[in-house]
Structure formats: C-alpha cells, structure tokens
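Contents: one structure, followed by commentary.
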Amino acid sequence: MDGKLKKFHFQELDWIVTFPELVNEGKKYLYYSVSIEDRKSGNLRIQVCLGDVLDNPEFEKNVPHTVGFFKEIKDNGNSMKFAYLEIRMIRSIEEFWKFLNDTNL
C-alpha cells in the first residue's frame with residue numbers, strides 16, 4: 001500500500017469509501033473529505049464530507065455493516081476480488097471510528 005489512500009468496502013451497500021491521507025491531516029473523522037463509489041449504481045463522488053456519507057438514509061437503514069479494509073482489487077476475468085487486510089462488523093459510528101483508528105487513519 002502506498003500510504004496515500006485507504007479504502008473501505010461496505011459490503012452490503014457495495015460502497016467503496018476512499019480516504020486520501022494528506023487532505024485530512026488534523027481533521028476529525030466526521031469532517032474528513034472522502035471519495036465514495038457506489039458500485040451498484042456506478043456513481044462516484046469525490047471530496048464528500050464523511051459526515052454526509054454516514055447521515056445518508058441508505059447507510060443508516062443497513063446497519064450493521066460488514067466493512068473490509070483493503071489495499072487493492074484483483075481482476076480475475078469477469079469477477080473483481082478484494083484483497084482485504086481486515087474485515088469487521090460495524091454496528092455503530094463509534095465502532096467505525098475505532099476501525100479507522102486501528103488502521104492508523
């Protein structure tokens with residue numbers, strides 16, 4: 001991993017939330033700028049406030065979330081495979097903050 005991007009896959013929603021490290025130095029998690037890719041719809045939003053992502057009704061109605069922290073996606077022909085470094089069940093925002101802390105974000 002190059003240390004500049006950290007990615008989390010919210011499996012049930014099929015969202016990939018990407019954290020650029022340098023943009024967020026000194027900020028609290030709630031105010032981090034992130035990119036979010038909704039793989040179901042194909043939408044990509046860049047520089048979204050993480051608080052807005054977490055306040056999304058779609059996010060809230062799908063708790064708990066299975067979240068995988070990963071460094072790359074492997075393309076095996078017709079299917080994309082994630083190379084997760086860790087997977088956790090997230091039942092609250094506080095558990096997500098702890099996951100971010102544990103990955104040294």
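Bear in mind these aren't lab numbers, they're just calculated from the coordinates by the rules spelled out. A quick note: this is a predicted structure, and the numbers were derived from the prediction, not measured. So basically every Cβ, Gly included, is an ideal-geometry build from the backbone, and we count neighbours across all protein chains shown.
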For the chain, the Cα gyration tensor yields equivalent-ellipsoid semi-axes (√(5λ), largest first, whole Å) of 19, 17, 14
Summing -39500 (n - 2.57) over every DSSP H run of at least 4 in the chain, dividing by its residue total and rounding to the nearest 500, the 222 nm mean residue ellipticity is -4500 deg cm²/dmol
Surrounding charge for GLU12, neighbours by C-beta under 14 angstrom, Lys/Arg +1, Asp/Glu -1, total +1
Check: C-alpha center the range 33-67 vs C-alpha center the range 14-28, spacing in Å is 12
Going fewest to most other Cβ atoms within 10 Å around each Cβ, PHE59, PHE19 line up as PHE59, PHE19
